[in-house]
1. Pop a pseudo-label 7 angstrom from the Cα along the beta-carbon direction at both A:E143 and B:L25 and give the gap in nm to one decimal.
2. From Cα coordinates alone, what are the radius of gyration and Dmax values for region B:165-303 in angstrom?
3. Quick one: which residues, 5 or more positions from B:V170 or on another chain, have an amide H under 5 Å from its amide H? H modelled 1.01 Å from N in the peptide plane, none for Pro or chain starts.
4. Compute from the Cα atoms of the protein assembly as shown the Rg and the Dmax, the latter being the longest Cα-Cα distance, and quote both in angstrom.
5. If I model chain A as equal point scatterers sitting on the Cα atoms and use the Debye formula, what is log10 I(q)/I(0) at q = 0.07 Å⁻¹?
6. Ignoring ligands, DNA and RNA, what percent of the accessible area of region B:149-266 is carbon or sulfur (1.4 Å)?
7. Rounded to the nearest angstrom and ordered from largest down, what semi-axes does the equivalent ellipsoid of chain B get from its C-alpha gyration tensor (root of 5λ)?
8. Please work out the Kirkwood hydrodynamic radius for region B:347-489, using every pair of different C-alpha atoms, and report it in angstroms with one decimal place.
Amino acid sequence: MSVSEAVWSAQGTTPDAIEAALRGLLIERHAENDSYVPARVLNMIAFVDREWTGEIANRLRGVGRYHASRLLVLAYEPRRVRLDARVMIAAENEPAPGELALLRETVVVELGDRHLDDLLTIADPLVVTDLPTLLWSPHGHHEIVEHLLPLAQSVLLDSVDEPDAGEALARAGTLAERVYVVDLAWLRSTPWRERVAATFDPPPLRTELGTLSQVDVRHHPESTVAAMLLIGWLASRLDWQPGPLIAHGAALTGTARASRQEVNLRLESAPELMVRGLEDVTLETAKGRRVQLRRGRGGLRARVREPRGHEHEWTIPGASRGETGVLGEGIRQALLRDPTYLPALAAARAMLS
Amino acid sequence: MAVSAGRATEEPQAENPLTAGLERLPVPPTTLVIFGATGDLARRKLLPALYNLAHDGALPERFHLIGVSRKEKAHEAYRAECEEAIRSFSRRKPDDDVLAALLGDVKYVPGTFDDAHVYAVLGEELDRFEQQAGEPLNRAFYLSTAPGFFPVIVGQLGESELNHHEGSQVRVIIEKPFGTSLEEARELNRKVLAIFEEPQVFRIDHYLGKETVQNMMAFRFANGMFEPLWNRNYIDSVQITAAEDIGIGSRADYYDKAGALRDLIQNHMLQLLCHVAMEPPVSFTAEEVRNEKVKVLQAVPHPSAAQIAGMAVRAQYTAGHAGGEDVVGYLEEDGVPEGSNTEAYAALRLGVDNWRWAGVPFYLRTGKRLARKVTEIAVTLKPVPHLAFSQDGSLGVQPNQLVLTLQPNEGVSLRLGAKIPGTRMIIRPVNMEFLYGTAFLSQSPEAYERLITDAMRGDATLFTRNDEVEGQWMICDPIVKAWEHEPGPLPTYEAGSQGPAEADRLLRPGDHWRAI
């Protein structure tokens, strides 16, 4: 929540006027108190349907410190003919003596169909030069993403938003050929990937990775893609050759060829799960070890059956990030590069072929 | 004598293919034992750090905590104390479920640190956790006690054979101060290394866990533009300042025994000097980085008794003003003994006698109740060889100065000469500033979060090696000894000021202390 805000707005305006207003507000704020300094980390362009701007603003408000340093919201209303704009420059806190307070800039431009052909010339002057730019279009509009792509170094998408898993993975793959893709469906699997990696990290257990024989993933009904990316990650890291998945009721099943044996794969919808993402990941090795991780209160509940039959159960502490936490992580990831996403995506696509 | 310097920290292991691309690397299953579990450090720093690691899902898959302290209390009572400490001092509001998951099976072992029975009970608790887990767990003993107990605890751990454990790594984490003199540091090293091997020992200097200090390495070794200038040919002097605007508060008992030299210069500030002066390490492994730092310490001449007056100054603050309030002088602070000769301010001029730095003075100063709180390193370059510009009406062409600010506003500023707009070529200095806070989205973790994780992972890069500690003491010990034998009263400075005028005598002609 910002405690200090400067606002400018205009109707029937131009990108030049908006940019001049931004500069003016920044100078004003700095003159008011030289402890106010503009953050210069990341541009984010969000192309949204105007009727949902409030919902998007709420989601972005929740990301806290991961807010882009300059956020450009292009609010689209098909029949709008006039370009209206609002500029807000906000600090999260008043500067303490001798300390700085960072300013974050939000620019909202309301536009219509008639502006779409010139969209690049509207957005370009409003992003900070030499900063990386993240592009997000949460309401679809794939053609607009194509249009704005020359401005962006990375695109934020959520593959679970697409109704069809195959199309979602294909779209992510196509975009990834041209720009860095930050996929929220992939980020939802991060804690699970970290925990699976950690479970098999003790040296005696590393060798058992080559003997994995069964992987079951239970997921939110809309998060099939997140489950496929997790299995794709295992396949790509462990050199499996995944075969196609076949639908059996609420589950998808298939196999992957590892160097020593077949790995049985099962992805099952978990209707009881109220939030997007994964509910439960179970891995079994040919030696008889079974590792189950599932969502629990205060972290993941781990249940391990050793090859000799002993069972252990405990909680691995960790707070749920929630959807806003996942979105914030997505914004942060625009500044990083994860080399394992593309191979995981390719393996996931292979399971749909 | 340095023991085991240069040894590898751990045996190399086959790679885990699942860790590629992960920001958080796995931490081996560990039981952490905190000695001094009810003390201030544990309450204010260690327990909140553990909570924040738990919140982020950054603790090991299997993690257990055992507290050891003198006071008699039940496990449940200690858990309640842990919860209270975390709620009071965590950098984020605790999540009740995470807190319950973290503290659910915390154990407490009461007793004095010299009592063998305590270690027998501790051994049983450690074994019980392993039986529960069905596998050996690494063991990390965190010595968060008064320094006098370090050798006692280490000795007892050895006596009870808790210093090694079949199938797992055993580590000991030792808080500062590591000795109060060279002799003590050597003796402590000798005692610790009689029980543990050097790769098992993690000596904390929490400054090294700060992002700002780690950033210095990135600044120097990830930016090609500075390295060609980073030597005696271009650098005129280096000034390292760690100034505080606060007094000693309620810490008179500790501070009056330590003083500014032991409190900050012997450890933190010499670490900063090493970061400025070290050669690029071959790789960023614990041993390579620490080897380079030790070479710097070895290149700093140890002052003789006769040289000390010319290279070291100490002082105490008198009554003055801070933050708009009247404040008392050092000798009037609660708990300070009458006539104390402990310094609340210390300044040194050191040299680094090697090919890169010979002849460049390194000025170090630290003190309480100075004009403001700032920690910075100012690197002053040599002036340009020929001034083509008229100096009339000008502030002049001043040497370039690169300032690395560590706190409060972490950043880098470079002083440049620029022309004042107008018809004449009049020059004045301007600053080109970069602030880390404006360029990153993430919040820095607390130093202890990083250090506890690194210790559990066996990565000693941010910890002080035995020969490093001794190297630091070899520089400071002659000064400590000389000051102990010098009668008072000490030079003084007014609280809220720039420090004592006597500090100027350390400077070469033409050099100045930067304004705090």
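The values are calculated or read from the model by the stated rules, or taken from the named source; none is laboratory data. The structure displayed is predicted, hence computed values, not measured ones. For neighbour counting, all protein chains shown are included, and Cβ atoms are generated from backbone atoms with ideal geometry for every residue, glycine included. For accessibility, only protein heavy atoms count, side chains too; no ligands or nucleic acids. Shrake-Rupley method; radii C 1.70, N 1.55, O 1.52, S 1.80 Å.
1. Roughly 4.9 nm, to one decimal.
2. That works out to 17.5, 54 Å for Rg and Dmax.
3. Amide H neighbours of B:V170, under 5 Å, 5+ apart: B:R139, B:H165.
4. Reported Rg and Dmax, both Å: 30.0, 89.
5. Evaluating at q = 0.07 Å⁻¹ gives log10 I(q)/I(0) of -0.37.
6. 50
7. Whole-Å semi-axes of the equivalent ellipsoid: 42, 27, 23.
8. For region B:347-489, the Kirkwood estimate is 20.0 Å.
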